[in-house]
Amino acid sequence: MIIKLRYFAWVRERVGKPEEDIEVPPGVATVAQLMVWLASRGEEYAHAFANPKVIRAAIDRTHVRPDTAIGNAGEIAFFPPMTGG
Amino acid sequence: MIIKLRYFAWVRERVGKPEEDIEVPPGVATVAQLMVWLASRGEEYAHAFANPKVIRAAIDRTHVRPDTAIGNAGEIAFFPPMTGG
Amino acid sequence: MHYIIPMTVTATVRLQREPFDAAAEAAMLTRGRTDAGAVVTFTGICRGAEAGEPIAALTLEHYPGMAETEIERHVAEATERWPLLGVTVIHRFGRIVPGEDIVLVVTVSSHRQAAFAAAEFLMDYLKTRAPFWKQVEKAGGTTWVDAKATDDAAAERWAAPGRDAAE
Amino acid sequence: MHYIIPMTVTATVRLQREPFDAAAEAAMLTRGRTDAGAVVTFTGICRGAEAGEPIAALTLEHYPGMAETEIERHVAEATERWPLLGVTVIHRFGRIVPGEDIVLVVTVSSHRQAAFAAAEFLMDYLKTRAPFWKQVEKAGGTTWVDAKATDDAAAERWAAPGRDAAE
């Protein structure tokens, strides 16, 4: 399954790109598992996802918890805690 | 002792004047006693002060309770509960 | 009345017959300073109905001298309770028709919680403690607006324990 | 985005690079209606210092599409929780210098409590749930602003019991 990943703020800066399409590997079923797998993809990813507890995620533009199943997600976004307003 | 009385809103309308100077009679020591005495001054006053519990008072432009001593008051005002804002 | 509390808080209280310009008042409080992070404005407007009946106008009577002092006292209290940079309170009196503004409270602070809390505090006090009385013109004649128990309850929230209720 | 919830509530959410006119937005919500008794506006302004250090500018990054949807959802929730007649939320993105406005919330209701509560609710949610991120330019370079625990606590006040924190 191909999904689009989007990165914002310092997650984007560390990964070095705002978005990319990836093939979700077998065994990766939840958002948390996706972060663990991403962290293994290279130095920049390891840096971005070093502390997954501080990273928030959204599936198809809705906030989700790390234990949420990826399911049929079209777009998953990772970003730091929000600082709008 | 001469003090100025001021009336506002329906207290003013019932008394029929916005203000007057009165000589405080002997035995009238508190704001509540002053209201009892005022109510005895005629029909319009009786009507205005028929229910002293709903009337608020201020001595020299500061809210006071009915049991407050008149003391050296220069100006005492009577009015209904406030409805500003 | 316009006074400056030493150092930082600009406080203005005005009673007037004329309409006011909420945006201009808010702009005046923030102009030339870069420590303001939050501006709250509250505008109270004359509604076209009172207790379900259409009204032609409101007339606001006030106690000159006392009204100003009373509001200034509460503005001073607000500046002690919250870290405000500016406060403006304008209360109109006289005849006001539906759709017209009655009262304005502007609070400026570095942070939003202080600005919101101070504005609510001031409005709750204006409703219950400032010597203003509203009379409404309806088809059947004029009547005085009754004080609302909900307004008293709202003002009670801010009472310091042990403080004399009449103070 | 501009939508009308049947009957009474005018709700507007806009994300934009350009400055906004708070007074014009508030006037638009009350124009031509006489049931509005209370208008609260909150304006968030870029301060000249962050954590005690002067800043040259803020840059606000956002998640297009999600930011709008997320704010609209909270605006809809506010209109369900409080009897509002109108709500406008405008959030800027891009580079903003000290003294410039960042965010605007306007709430209109017949009564002040609803207008105040809804404006605070929306601001608390914008601070913690809307996908915006602030970067500051200081003498030493650019840094991302950290989320504040006090903002999370403020947003928590409004959580319905049993509601999933991630929803």
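Read-outs throughout are calculated quantities, based only on the coordinates presented, and are distinct from any laboratory measurement. Predicted, not measured: the structure shown is a model, and the values here were computed from it. Cβ coordinates were reconstructed from backbone atoms using ideal geometry, including for glycine residues, and neighbour counts include every protein chain displayed.
Below, the figures for the structure above:
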| quantity | calculated |
| --- | --- |
| Net charge dipole size for segment C:10-156 [Lys, Arg +1 and Asp, Glu -1 on Cβ; Debye, nearest 20] | 260 debye |
| Cα-based convex hull, segment A:1-82, per residue volume (Å³, whole number) | 80 Å³ |
| Cβ-Cβ FRET estimate between B:GLU75 and C:ASP35, R0 fixed at 35 Å, reported to 0.05 | 0.25 |
| Fewest-first sequence of D:LEU126, A:LEU5 by Cβ atoms within 10 Å of each Cβ | A:LEU5, D:LEU126 |
| Nearest 10 degrees, 0 to 90: helix C:66-81 Cα axis against chain C principal axis | 40 degrees |
| Ascending count of other beta-carbon atoms within 10 Å, so fewest first, for D:ASP124, C:ASP35 | C:ASP35, D:ASP124 |
| For D:ALA27, label point 7 Å along C-beta direction: distances to other copies, nm | 1.1 |
| Selected from D:GLY48, D:GLY140, D:GLY86 as most flexible by GNM, with chain D as the system and alpha-carbon contacts under 10 Å | D:GLY140 |
| Value of [θ]222 nm, deg cm²/dmol, for chain D, DSSP H segments ≥ 4, -39500 (n - 2.57) each, nearest 500 | -9500 deg cm²/dmol |
| Per-residue ³J(HN,Hα) for segment C:124-140, Karplus 6.51 cos²θ - 1.76 cosθ + 1.60, θ = phi - 60°, Hz, x for Gly and Pro | 4, 6, 4, 5, 10, 10, 7, x, 10, 9, 9, 10, 10, 9, 10, 3, x |
| P(r) tail fraction, segment C:1-104 - alpha-carbon pairs more than 22 Å apart, % | 37 percent |
| Charged-residue dipole, Cβ positions (Lys, Arg, Asp, Glu), the protein assembly as shown about Cα centre, Debye nearest 20 | 20 debye |
| Label-reachable residues, segment A:50-66, where backbone N falls under 12 Å from a point 7 Å from D:THR143's Cα toward its Cβ | none |
| Three principal axis lengths of the protein assembly as shown [C-alpha, angstrom, descending] | 97, 49, 38 |
| D from C by rotation - nearest chain C beta carbon to the axis, in Å | C:ALA23, 2 |
| Inter-copy separations for A:ASN51, label at 7 Å along Cα-Cβ, nm, ascending | 6.4 |
| Burial ordering of C:TRP144, D:TRP133, fewest other beta-carbon atoms within 10 Å first | C:TRP144, D:TRP133 |
| Of A:ILE22, A:ILE59, A:ILE70, the one that fluctuates the most in a GNM where chain A has Cα springs shorter than 10 Å | A:ILE22 |
| Among D:ALA78, D:ALA153, D:ALA22, residue whose mean-square fluctuation peaks in a GNM of chain D (springs only between Cα atoms under 10 Å) | D:ALA153 |
| Separation in nanometres of the label points that stand 7 Å from Cα toward Cβ, at C:ARG17 and A:GLU20 | 7.3 nm |
| Nearest-0.05 FRET efficiency for D:GLU156 and A:ILE2, computed from C-beta distance (R0 45 Å) | 0.75 |
| Per-copy distances of the C:LYS138 label point, shortest first, in nm (7 angstrom along Cα→Cβ) | 6.1 |
| Total formal charge among the other residues, if their Cβ is under 15 angstrom from that of C:ALA56, Lys/Arg +1 and Asp/Glu -1 | 0 |
| Residue-averaged 222 nm ellipticity for chain B, from DSSP H runs of 4+ at -39500 (n - 2.57), nearest 500 | -6500 deg cm²/dmol |
